[in-house]
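K.L.:
Structure in structure tokens, see below.
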Amino acid sequence: ELKVEQNPLFLSMQEGKNYTIYCNYSTTSDRLYWYRQDPGKSLESLFVLLSNGAVKQEGRLMASLDTKARLSTLHITAAVHDLSATYFCAVDISFGANNLFFGTGTRLTVIP
Amino acid sequence: GAVVSQHPSRVICKSGTSVKIECRSLDFQATTMFWYRQFPKQSLMLMATSNEGSKATYEQGVEKDKFLINHASLTLSTLTVTSAHPEDSSFYICSARTGRDTQYFGPGTRLTVL
């Protein structure tokens with residue numbers, strides 16, 4: 001059974017702190033996506049990781065992909081309140097055909 | 001950038017009625033469109049994949065007779081929830097892509113069935 005699990009499911013952190021969200025998946029894939037979702041809204045694309053060892057950074061967020069370990073991380077540096085949202089990873093299960101299987105989601109709350 | 005719209009954004013209907021949701025790619029031709037359902041505080045679950053001009057492929061457990069999908073053109077797909085019941089209340093999100101390109105997501109439609 002295909003699984004894409006995120007850890008933690010809920011994260012409450014103080015402003016200024018650092019933390020990492022983990023995304024483990026059970027199938028072979030070389031392409032992984034990270035999305036942000038605000039309450040009642042659709043998905044905002046954050047990162048596309050296209051190969052083993054890929055690392056991308058945008059502002060306070062940095063994502064990485066280890067296809068051998070079937071693991072992706074989303075690292076948050078010096079969190080600010082505006083980062084509060086739910087973050088999803090999604091695995092391309094079709095070897096580049098871009099059919100996605102979504103992770104369980106991590107609800108992040110940044111406390112002032 | 002690629003824009004996908006959905007209409008309506010919110011709909012409330014009575015149990016037993018049918019509801020149609022439209023998904024449009026505004027500035028590109030979508031050879032494939034996807035329909036997802038998201039229950040409160042849960043992840044997105046793929047319901048079906050539709051390619052322009054052909055029948056939709058439904059995921060296991062999704063009733064094709066209840067969730068009718070039509071992808072009649074390269075810019076429009078519709079999802080019709082037939083004989084809706086309260087348990088169909090959910091957030092429905094479509095996405096669209098060209099070829100094997102990135103999926104672009106619509107803003108979602110919140111369906112409430114009374």
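The values are calculated or read from the model by the stated rules, or taken from the named source; none is laboratory data. It should be emphasised that the depicted structure is a prediction, and the values quoted were computed from it without experimental measurement. When we count neighbours, we look across all protein chains shown, and the Cβ atoms used for this are built from the backbone with ideal geometry, even at glycine. With ligands, DNA and RNA removed, areas are computed over all heavy atoms of the protein, side chains included. Shrake-Rupley method; radii C 1.70, N 1.55, O 1.52, S 1.80 Å.
K.L.:
Taking 35 Å as R0, compute the FRET efficiency from the Cβ-Cβ separation of B:Glu59 and A:His81 and round it to 0.05.
P.N.:
The formula returns an efficiency of 0.45 here.
K.L.:
Please list, ordered by chain and number, the residues whose modelled amide H lies under 5 Å from the amide H of A:Gly103; skip anything fewer than 5 residues away on the same chain.
P.N.:
Residues meeting the amide H criterion: A:Cys89, A:Ala90, A:Val91.
K.L.:
Let me know the mean shielding of A:33-45 by other chains, meaning the per-residue number of their Cβ atoms within 10 Å of its Cβ.
P.N.:
Average per residue, whole number: 4.
K.L.:
Which FRET efficiency, nearest 0.05, do A:Thr73 and A:Thr27 yield, Cβ-Cβ r, R0 25 Å?
P.N.:
The value I calculate is 0.90.
K.L.:
Given a Förster radius of 25 Å and the C-beta distance between B:Arg110 and A:Asn52 as r, what FRET efficiency does 1/(1 + (r/R0)^6) yield to the nearest 0.05?
P.N.:
Once the sixth-power term is evaluated, E becomes 0.05.
K.L.:
Carbon and sulfur together cover what percent of the accessible area of the stretch B:20-114 at a 1.4 Å probe radius?
P.N.:
50
K.L.:
Taking H as built 1.01 Å from N, whose amide H comes closer than 5 Å to the amide H of B:Thr31, not counting residues under 5 places away?
P.N.:
B:Arg97, B:Thr98, B:Gly99
K.L.:
Which ³J(HN,Hα) values, rounded to whole Hz and listed in residue order, are derived for the stretch B:88-95 from phi using the Karplus coefficients 6.51, -1.76 and 1.60 in 6.51 cos²θ - 1.76 cosθ + 1.60 with θ = phi - 60°, glycine and proline given as x?
P.N.:
Once rounded to whole Hz, the list reads 7, 4, 5, 9, 9, 10, 9, 9.
K.L.:
With a 1.4 Å probe and all protein chains left in place, how much accessible area per residue does chain B have, in Å²?
P.N.:
Accessible area per residue, chain B: 50 Å².
K.L.:
Under a Cβ-only charge scheme (Lys and Arg +1, Asp and Glu -1), can you give me the dipole magnitude of chain B about the Cα centre, in debye to the nearest 20?
P.N.:
180
K.L.:
Computed on protein heavy atoms with a 1.4 Å probe, what is the summed buried accessible area for the chain pair B and A, in Å² to the nearest 100?
P.N.:
Buried: approximately 1400 Å² between A and B.
K.L.:
Let me ask something else about it. Measuring from label point to label point, each 7 Å out along Cα→Cβ, what is the B:Asn51 to B:Asn70 span in nm?
P.N.:
Result: 2.1 nm between the two label points.
K.L.:
Show me, for the stretch B:7-17, the HN-Hα J-couplings you get by feeding each phi into the Karplus relation (A = 6.51, B = -1.76, C = 1.60, θ = phi - 60°), rounded to Hz, glycine and proline as x.
P.N.:
Calculated HN-Hα couplings, in order: 9, x, 7, 9, 8, 10, 9, 7, 4, x, 8 Hz.
K.L.:
Need one word for the protein assembly as shown: rounded, prolate or oblate. Basis is the Cα gyration tensor (sqrt eigenvalues a ≥ b ≥ c); a/c below 1.5 gives rounded, then a/b vs b/c decides.
P.N.:
The shape class here is prolate.
K.L.:
When ranked by the protection proxy of mean other Cβ atoms within 10 Å per residue, highest first, what sequence do the peptides B:44-50, B:10-16 form?
P.N.:
B:44-50, B:10-16
K.L.:
While we're on this one: Per residue, how much accessible area does chain A show when a 1.4 Å probe rolls over the protein heavy atoms, in square angstrom?
P.N.:
49
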